[in-house]
Amino acid sequence: TPEGKLIRKAFQLKANHGMKSIDIVRKLNALGLKVSNQQLSNIFKNPFYCGLIVNSLIPGEVIEGKHPPIVDKQTFLKANDILNFQGNKGGYQIQTVNEYLPLRMFIKCDKCQQPMTGYLVRKKGIHYYKCRTNGCRVNRNAETLEESFLSLLSKYQLDQQLQSVLSLQMSKLFFELNKDKIAQASLLKQQRTEINKKIEKVEEKFILDEISPAAYKKYLGKYQEERTQILKEIENCGVNSSNLQECIDFAIELSSNLLNTWKLADVKQKQQLQYLVFPEGVLYNKENDAFRTTRVNSYFSLIPSLSEYYHKKKKAIDVTVE
């Protein structure tokens with residue numbers, strides 16, 4: 001229907017373009033669908049529009065409706081900036097963060113590639129992660145799945161015995177990758193020193209009346225312009241090694257305590273850490289009860305191979321000594 005198409009458009013404007021509700025209301029009114037800001041808010045929050053039914057007579061239940069959805073579930077969730085439904089007395093509750101489900105939307109189903117959400121079985125007090133795709137419905141106990149995730153995360157935790165080695169290698173790598181820029185920045189800084197000396201000299205000559213005001217103004221302007229250009233070029237080099245070791249130390253400390261950092265963090269901090277290590281999330285295969293990664297942060301990706309090399313080397317030394 002024309003009304004349904006306009007409602008779908010409203011969801012898309014909110015989900016895909018982040019348009020303010022008041023602006024969407026104006027657009028809908030101009031197109032012939034008269035709604036208030038409150039009515040639009042109710043529309044966005046009503047799961048009926050993504051094919052689901054909730055009813056106060058069956059609290060805590062969300063049912064797949066037989067009516068055709070106006071928008072897909074992903075668009076509905078994105079429009080509300082929410083991650084899942086959770087039952088309550090009114091039928092459902094919208095939550096942006098659930099402290100008991102830190103992996104929600106971060107884990108994707110390996111079968112259908114869709115983000116997994118979660119729910120609470122109130123009678124048992126147990127949380128579950130699930131895939132929302134029809135016909136897929138991967139379902140997993142939250143505590144069990146998080147233990148498996150920690151096992152995956154442990155592969156990227158740095159052995160304390162390797163801290164000094166990795167710190168040294170990171171420093172060497174930084175200077176190797178930036179050696180041309182570092183050399184250029186060093187040359188530019190020398191030029192900056194020289195131009196500062198020229199500015200001081202012309203100012204001194206002016207004070208001692210060795211040059212005229214006109215000459216002073218001419219040379220000072222010229223030198224200041226040259227200095228401004230040099231400073232811009234130094235900035236464009238984009239190399240700042242002054243706090244390099246501090247950054248390296250932070251990375252080493254974090255990677256050496258990945259598991260405890262995740263366990264002790266609140267839900268938002270856990271999610272930040274998860275995406276830091278695995279920027280695209282992870283895929284979960286229920287049949288194999290295993291995770292698959294599509295991309296790992298380049299820093300953390302070095303750790304497994306470094307650990308493997310270290311332990312092989314250590315084992316070979318131990319055998320030789322024996």
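The values are calculated or read from the model by the stated rules, or taken from the named source; none is laboratory data. Note that this is a predicted model, so its numbers are computed, not measured. For neighbour counting, all protein chains shown are included, and Cβ atoms are generated from backbone atoms with ideal geometry for every residue, glycine included. For the accessible areas, the whole protein counts, side chains as well, though only heavy atoms, and no ligand, DNA or RNA atoms are used. Shrake-Rupley method; radii C 1.70, N 1.55, O 1.52, S 1.80 Å.
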**Surface share of carbon and sulfur [accessible, 1.4 angstrom probe, percent] for the chain** = 51
**Prompt:** Which lysines have a Cα lying under 30 Å from the Cα of Lys179, excluding residues fewer than 8 positions away in the same chain?
**Reply:** Lys189, Lys197, Lys198, Lys232
**Item:** Whole-percent pair-distance distribution, where bins are 10 Å wide, for the alpha carbons of the chain
**Value:** 5, 17, 19, 17, 14, 13, 9, 5, 2, 0
**Message:** Can you give me the angle between helix 267-277 and the longest principal axis of the chain, using Cα atoms only, in degrees from 0 to 90, rounded to the nearest 10?
**Reply:** 60
**Partner aspartates and glutamates for Lys313 [C-alpha distance under 16 Å; skip if fewer than 8 residues away on the same chain]** = Asp159, Glu322
**Fill in**
Computed over the chain: longest principal axis from alpha-carbon atoms vs helix 213-237 long axis, angle to nearest 10 degrees, is 40
**Item:** Cα shape, region 1-49, gyration tensor, a/c 1.5 rule
**Value:** rounded
**Item:** Cross-link pairs Lys108/Lys268; Lys73/Lys108; Lys111/Lys268; Lys14/Lys130; Lys5/Lys111; Lys130/Lys263 - those with Cα-Cα distance over 24 Å
**Value:** Lys111/Lys268; Lys14/Lys130; Lys5/Lys111
**Prompt:** Once Rh is set to the Kirkwood radius over Cα pairs, what Stokes-Einstein translational diffusion coefficient, in µm²/s, holds for region 193-303 at a temperature of 25 °C and a viscosity of 0.890 mPa s?
**Reply:** 126
**Complete:** For Lys268 and Thr193, extending 7 Å from Cα along the Cα-Cβ vector and measuring point to point gives, in nm, a value of 4.6
**Item:** Cα lying deepest toward the dipole's positive end in region 152-201, options Leu158, Leu168, Leu188, charges on Cβ
**Value:** Leu188
**Asked** Helix 179-207 sits at what angle to the longest principal axis of the chain, using alpha carbons and giving 0 to 90 degrees rounded to 10?
**Response** 50
**Prompt:** Suppose R0 equals 45 Å; then what is the FRET efficiency for Phe174 and Tyr100 from their Cβ-Cβ distance, rounded to the nearest 0.05?
**Reply:** 0.65
**Request:** Give, in nm to one decimal, the length gained when the segment between Asn134 and Ala30 is fully stretched (0.36 nm per residue of separation minus the Cα-Cα distance).
**Result:** 33.7 nm
**Request:** Quote to one decimal, in nm, the extra length available between Leu208 and Lys124 on full extension: 0.36 nm per residue of separation minus the C-alpha distance between them.
**Result:** 21.3 nm
**Item:** Where labels lie 7 Å past Cα in the beta-carbon direction, separation of Asp23 and Ser164 in nm
**Value:** 5.7
**Item:** Mean accessible surface per residue for the chain, computed with a 1.4 Å probe while every protein chain stays in place, in Å²
**Value:** 63
**Complete:** Counting only residues 5 or more apart in sequence or on a different chain, those whose built amide H sits under 5 Å from that of Lys286 are Asp110
**Request:** Distance between Cα centroids, region 137-185 to region 202-216: provide it in whole Å.
**Result:** 58
**Asked** Computed FRET efficiency, Cβ-Cβ of Asn260 and Asn236, R0 41 Å: what is it to the nearest 0.05?
**Response** 0.50
